[in-house]
1. Checking residue 84 against (1) under 27 Å from residue 255 (Cβ atoms); (2) open to solvent by less than 30 Å² (accessible area, probe 1.4 Å); (3) not hydrophobic (A, V, I, L, M, F, W, C): exactly one of these is not met. Which one?
2. Among the candidates 61, 79, which residue alone is of a type in the set (D, E, K, R), part of a loop (DSSP other than H, G, I, E, B) and open to solvent by 20 Å² or more (accessible area, probe 1.4 Å)?
3. So which pairs qualify, if the first residue must be in the stretch 323-343 and open to solvent by 50 Å² or more (accessible area, probe 1.4 Å), the second must be β-branched (Val, Ile, Thr), the Cβ gap must be under 7 Å, and the two must be at least 6 apart or on different chains?
4. Just checking, which of 268, 233 is buried (at least 19 other Cβ atoms within 10 Å of the Cβ), over 19 Å from the mean Cα position of the chain (by Cα) and in a helix (DSSP H, G or I)?
5. What number goes with the only condition from (1) at pLDDT 85 or above; (2) part of a loop (DSSP other than H, G, I, E, B); (3) open to solvent by less than 50 Å² (accessible area, probe 1.4 Å) that residue 168 does not pass?
6. Can residue 32 be described as farther than 25 Å from residue 230 by Cβ, in contact with a Ser or Thr (Cβ under 9 Å, 6 or more places away or on another chain) and among the polar types (S, T, N, Q)?
7. Looking at (1) over 19 Å from the mean Cα position of the chain (by Cα); (2) part of a helix (DSSP H, G or I), find the lone condition where residue 47 falls short.
8. Given the criteria at pLDDT 95 or above and over 17 Å from residue 327 (Cα atoms), does residue 19 qualify?
Amino acid sequence: MPKKSEFILKDSPPELIEAAGVEPKGRAYAESQASKPGAARVGELLLGTKLACIAITDDEEDTLKKVGKANPWHIEALEMITGSEEEAHKPLTHILDAHFGLQCDEILNISGFSGGHPIDTQGYIAHNDEIVVVAFRCTTSATDWMTNLATASSAWEIDEDLEQGHSGYCSCLFDRCRKIDPDKPAVHTGFYNNIIKVVPRLEEHVNPLLAKDQPPRTLYVVGHSLGAGISTMATIYFLEHFPWKDEDMPHKLVNVSAGTPRAVKKAMGERVDNQLKELRPLDKAKICRVVMNEDVVATVPPMALGYVHVGKLVLLTEDGQVLIGPKQDDSHILEDDELRALCEANPELTTVMEEEKKKAEAAELEGNKSLMERAKTKYEQRMDLIPRPLREHCPDYYLKPLVKLYEHVHDGPGEGDGGDGSTVSISVANLPVELSFEDEERREGGQDCYNYGPMLCNK
């Protein structure tokens, strides 16, 4: 995947945009743009990603230890979030309370078969006076992989299917019957049947908290990998079952998904995008699809089968930049030979691009300075052996650039505006290894409560 300087963006040098001859799409993250209604905001992106990452654990004994034997990146991510190995292995209810100030309403664990469809969904529902969280766990089991790799689709008939508890015994044959109604909205059968089993829990715990007489809250629907796909289904459900456009509706909806597989067919994607377009000026709903560079999971199911993504792409590039809404096609990404040809044809562009290259190299060098000054850990050495498209699906790889962006925007770790009036805080203990807290005397009991905001720590 190219670096930020190789994209044709709205904030690319004017000389490059003119020479490329295409309409620029997307831009590097900027607070001036983030303040607009419906825009992606780093506080929301980071908080949502963290809330998705902790869904890997629960209150059962040694859950994280068991998962971490084959998937050590989950332990790495939770250590970044909680500040220590000891805290990372504590029960989910403790982590939610101590690090996010959230009360856990239910830990989700639904498995089995329904209507012939495999069901395997874990996660949690939690809330406080400012936010409600619905989080879904990533891929951890064989059944999860069956869901991930399945390509069948089913018609979105959520109210009818809730009554029977599944999408129908033959719903996965929907694609073969598309001649009957080619415009009928359709979604991924596996993700859809999982959310059908979760909706009753949402109605029990979430719906009362989003009543119009409740204090204003932001509903965060989050997930990573498989959980990201299911979070897309949950977000569509919430979009269609709450009166977000009503003037007396005080709440808003934010979906943050990391490493999201495609979950809907074209007609459904257009329907969701139209709903978001109506709500964007009101700043009432947004879908932020975070993708780390070459993460392979974001490329399945293939577009050739009619699947599409929904929402705003937030791309974390190879050089650690965060791009909002870039277009990932050949006309908007310049290979080295293409850039050289443009510079040869436009001599004035050469100087401009040399300056851009120097800036990018300096920023990348500064970002990797601490890493270069120390030996790689065993974990980092192990990760280097994993092919990039798989390695970049790991949750800690998603956290690091978002933490760095947040720190840059807010001039260092500490409190900041989550973009919705709530306080989001990033403790230094949550930063990557190369940015870890140096003053050990300020750490207490395995937790770093330095500059914690009220939303993340009750102390």
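The values are calculated or read from the model by the stated rules, or taken from the named source; none is laboratory data. Being a predicted model, the structure only gives us computed values, none of them experimental. In this analysis, Cβ positions are derived from the backbone assuming ideal geometry, glycine residues included, and neighbour counts consider all displayed protein chains. These accessible areas exclude ligands, DNA and RNA; they are computed on the full protein's heavy atoms, side chains included. Shrake-Rupley method; radii C 1.70, N 1.55, O 1.52, S 1.80 Å.
1. (1)
2. The unique qualifying residue is 61.
3. 331/22
4. Numbers: 233 fails: over 19 Å from the mean Cα position of the chain (by Cα).
So the residue among 268, 233 that is buried (at least 19 other Cβ atoms within 10 Å of the Cβ), over 19 Å from the mean Cα position of the chain (by Cα) and in a helix (DSSP H, G or I) is 268.
5. With respect to (1) at pLDDT 85 or above; (2) part of a loop (DSSP other than H, G, I, E, B); (3) open to solvent by less than 50 Å² (accessible area, probe 1.4 Å), residue 168 is out only on (1).
6. Values: farther than 25 Å from residue 230 by Cβ: yes; in contact with a Ser or Thr (Cβ under 9 Å, 6 or more places away or on another chain): no; among the polar types (S, T, N, Q): yes.
When the stated conditions are applied, residue 32 does not pass them.
7. (1)
8. Details: at pLDDT 95 or above: no; over 17 Å from residue 327 (Cα atoms): yes.
Answer is no for this residue.
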